[in-house]
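The values are calculated or read from the model by the stated rules, or taken from the named source; none is laboratory data. Treat the numbers as computed from the prediction; the structure is a model and nothing was measured. Cβ placement follows ideal geometry from the backbone for every residue including glycine, while neighbour counts extend to all protein chains displayed. Just the protein is used for accessible areas: all its heavy atoms, side chains included, with ligands, DNA and RNA removed. Shrake-Rupley method; radii C 1.70, N 1.55, O 1.52, S 1.80 Å.
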Amino acid sequence: MIPSKFDYVRAESVEHVVQLLQDSDGEGKIIAGGHSLLPLMKFRVTEPGKLIDISRIPELKGVRLERDRVIVGAMMTHREVAENPIIKEHIPVLSDAARLVGDIQIRNRGTIGGNIAHGDAVADLPAPALALDANLIISGEDGLDVINIDGFFLGPLITALPENSVVTSISFEIPPSNAKSAYLKYFHPATGYPVVGVAVVLGVNSDGLADYVRIGITGSGDVAYRAKSVEQELIGKPLTEDVITQASKLAADDGDIGSDLFASETYRRNLCSVYTRRAISSLLD
Amino acid sequence: MEEVNVTVTINGKKRSAKVEPRMLLTHFIRDSLSLTGTHIGCDTSQCGSCSVMVDGHVVKSCTLLAVQVDGSEIITVEGLGTVQNLHPMQKAFWEEHGLQCGYCTPGVMMAAIGLLQENLEPSDEEIREGLEGVICRCTGYQFIVSAVKHAAALMAEEKQVVGEGR
C-alpha cells in the first residue's frame, strides 16, 4: 500500500513547525513516529499534502522533574517512556502502560506525543494521562498554551488541539506519596489495542479510607475519559470488596460506549466494570 | 511533489537514491537498493516480516518512510552473514530448524538480533516477549524459540551481536 503524493519537510525547531503549518494552508500534517499516521495514509483515509517531520527536534526529547510534576517530551518513544527512570519512579503507571503499546518494533518508533495528539479511541496512553491529570504543553501561532487532558479528546481522531499548533511536551502530576497505581488492559486478540484499558491511581489513608482516586479509561468509548462517577463513589470510603464492586459498576457511566464488530456495548460496559474492579483490587494488600 | 535524495548506511555501505517522499522504507530497501531479503508480509505493521534495524533499534520498515530515516544506519538480514559464512543467528536457525517456508524468517531474525543485543542470556519467556512483533504461520514458535536460545549460546563470548566490528 502506498500513500497519496505529498511534500515532505523536516522541521528544525518548534517555531519552524508552527511556521510550516501556517504556510501550508491547511495541507500540513505533523509526523512524529508515524505509527498512527502512516497506516491511515496507506489506506488513504487521510491524504495530507505536506508532511512536517518533527522527529529530529532536540527540544522535543527528554524527561525532567518540575516541582510536583514530571514533564515528558512529545518525541519520547514508548520504549523510552517505558524505561525512563524518572517516569518509573514517580509516575510508574505511565511506563506500565507504555510497555503494553503494540510490540517492541512499534514501541521503538511510536511516540507519547503522537499517541495522545492523534486522538485515537484505542490508544493506550490517554488512560494513564487522564489518571495523572496531564497537561499538554502546546506551541502555536499565539505562543505557548496549556490544555488539560480532560476535555482534550472530542471524538475519534478529533482533539482540542488548535490549528497550526504542536504538542511539545506533556506534564504529569506526581500522585501523593501514599498512592499506588496500575494499568490493566484487555487486549484485542488480533490488533493488540485495548478493548478496554483502565489506569487507576489510588491513595488510602491511615484509617483505611480512600483519600485519592483518579481513574482513566481508554479503548471502550468514543474517546478516553475520566471515570469520575467511580472516583466519587470511592472517595472517603473503606475499600471493602463490596464498595469496590459497587463503585466499579459505574465505570462506563462517564464514557460514550458503543458497539462494533468485535464487542457489543453491553459487553464493553461489563468489561469496563470488571477491569476497573480488578485494577483497584490489585492495589490493595 | 519533488523527489528527494535519501542516503543511508546500509549493512556498512553508504547508499543513496532519489525517491518520492511517499516511498516506504521497505520499498526503498527492496526496490531502490535491491536488497530483497527484507520481506513484506501484511504491509500493516502487524506481521514483522519487514523488520530491520534502524540506528540500533528494530523497526517495521513498512511503517516508515525512506525520507524519515535519511542519514540513518540500517542493518537488514543481508547484513548478518553470507551463505559461506553464516551469522550465528542464521546458523542457529539452520541447526534448530527455526523455519519452514522461510518467508517471515528475515524479520524474525532481526527481531531476535534486537533482543540479543540487549540480553544475551534470555529466558524462553523473554525470547517470546522479544518476538511479540513477528508472526510465523508455519512452524509454531517452539523451534524459533529454540533457535534464538541456541544463537544466544553461540554468541555467549561475543561482545557485539551485529554490525561492523563483529
Output yes when any residue across the stretch A:185-192 is β-branched (Val, Ile, Thr) and at pLDDT 95 or above, and no when none is. no
Restricting to the stretch B:17-29, name every residue that is closer than 18 Å to A:Val9 by Cα and more than 12 Å from chain A (Cβ to nearest Cβ). B:Ala17, B:Lys18
Looking at this structure, is A:Val146 farther than 23 Å from A:Val200 by Cα and in a strand (DSSP E or B)? yes
Can you spot a residue in the stretch B:82-104 that is within 14 Å of chain A (Cβ to nearest Cβ) and either crowded, with 24+ Cβ neighbours inside 10 Å or outside any helix (DSSP H, G or I) (or both)? yes
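Residue-by-condition table, conditions (1) buried (at least 19 other Cβ atoms within 10 Å of the Cβ); (2) within 13 Å of another protein chain (Cβ to nearest Cβ):
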{"residue": "A:Glu15", "(1), (2)": "no, no"}
{"residue": "A:Ile31", "(1), (2)": "yes, yes"}
{"residue": "A:Gly73", "(1), (2)": "yes, no"}
{"residue": "A:Thr77", "(1), (2)": "yes, yes"}
{"residue": "A:Asn84", "(1), (2)": "yes, no"}
Inside the stretch A:149-170, the number of residues satisfying the requirement of being buried (at least 18 other Cβ atoms within 10 Å of the Cβ), assigned to a strand (DSSP E or B) and not hydrophobic (A, V, I, L, M, F, W, C) is 3
Determine whether A:Ile217 is more than 22 Å from A:Ala134 (Cβ to Cβ) and open to solvent by less than 10 Å² (accessible area, probe 1.4 Å). no
Which ones in the stretch A:190-209 are open to solvent by less than 50 Å² (accessible area, probe 1.4 Å), part of a loop (DSSP other than H, G, I, E, B) and either under 17 Å from B:Glu132 (Cβ atoms) or within 14 Å of chain B (Cβ to nearest Cβ) (or both)? A:Gly192
Just checking, does the stretch A:120-130 include any residue being farther than 17 Å from A:Asp222 by Cα and hydrophobic (A, V, I, L, M, F, W, C)? no
